[in-house]
Amino acid sequence: MLLFLAVTTAKAQYQLKENYLPDEISILDYASILNTGPKDLNINYLIKNSEKLKFKPLSGKFGNLGFTSDNFWVKFQIQNTLDVPTLYYLQTAEPVTDNVYLYLFGNNSTIELQKSGDNLNFSEKSIPNRKTIFKIELEPGESKSAFIKLKNDGEKNSLPLILL
């Protein structure tokens, strides 16, 4: 499954390198997006059909999805090329976005799910914060694939993908 995800990613994965570790890293250029409209796809369907689905590249520093109630999926990969473990926080989606789920796949093929969004109580969020933030930990040499599911009720949807 991880090999399949690595092969089907639209762009190269973002690599953390020792000689370039800024305070804030936009990974929008390393991500792609799929608008499924009113269809609420689940992660298993997405993994099995990822190659057939038409993900489009993202670019820039700030993706603007407009005012919509459509369902979106974002995918990207990240790799730690350092000799030390790394910890980043991924900031994504507007704080008013209703539901945001991050699915991370490591080398052991287990799925790690993190949740955020305006519809959740702070106690239900993976990181209890007003912003939509997720924790990404990588061991030396480790790569992870990620899928983010976004759903809103028609409000503004912007999509920063920033590692802090």
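The values are calculated or read from the model by the stated rules, or taken from the named source; none is laboratory data. In this text, all values refer to a predicted model and were calculated from it rather than measured experimentally. Because the Cβ atoms are built from the backbone with ideal geometry, glycine has one as well, and the counts that use them run over all protein chains shown. Note: accessible area is taken over every heavy atom of the protein model, side chains too, but ligands, DNA and RNA are not part of it. Shrake-Rupley method; radii C 1.70, N 1.55, O 1.52, S 1.80 Å.
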Original post:
Measuring from label point to label point, each 7 Å out along Cα→Cβ, what is the I43 to E155 span in nm?
Top reply: 2.4
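Past the 17 angstrom mark, what percentage of all C-alpha to C-alpha distances in region 15-139 do you count?
Working: 4905 of 7750 pairs.
Cα-Cα pairs in region 15-139 separated by more than 17 Å: 63 percent.
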Subject >> Derived scalar couplings ³J(HN,Hα) [region 118-132; Karplus, 6.51 cos²θ - 1.76 cosθ + 1.60; whole Hz; x for Gly, Pro] >> reply: 5, 7, 9, 5, 3, 5, 8, 6, 4, 10, x, 8, 5, 7, 8
Original post:
Ordering V96, V84 from largest to smallest accessible area (1.4 angstrom probe), what's the sequence?
Top reply: V84, V96
Subject >> Approximate spin-label separation F67-S123, in nm, with each point projected 7 Å along Cα-to-Cβ >> reply: 3.5
Original post:
Can you tell me the accessible area per residue over region 37-164, all protein chains present, probe 1.4 angstrom, in square angstrom?
Top reply: 50
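Need the full-extension length gain, I111 to K131, defined as separation in residues times 0.36 nm minus the C-alpha distance. One decimal, nm. List each step's numbers first, then the result.
Details: separation 20, 0.36 × 20 = 7.20 nm, distance 2.30 nm.
4.9 nm is the gain from fully extending I111 to K131.
Which value, in debye to the nearest 20, gives the size of the charge dipole of region 64-164 about its Cα centre, when Lys and Arg are +1 and Asp and Glu are -1 at the Cβ?
On the way: 10 positive and 12 negative charges, 21 e Å.
Here region 64-164 has a charge dipole of around 100 debye.
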**OP:** Report, by chain and number, residues whose modeled amide H sits under 5 Å from the one on N157, excluding near sequence neighbours (fewer than 5 apart, same chain).
**Re:** L65, G66, F67, T68
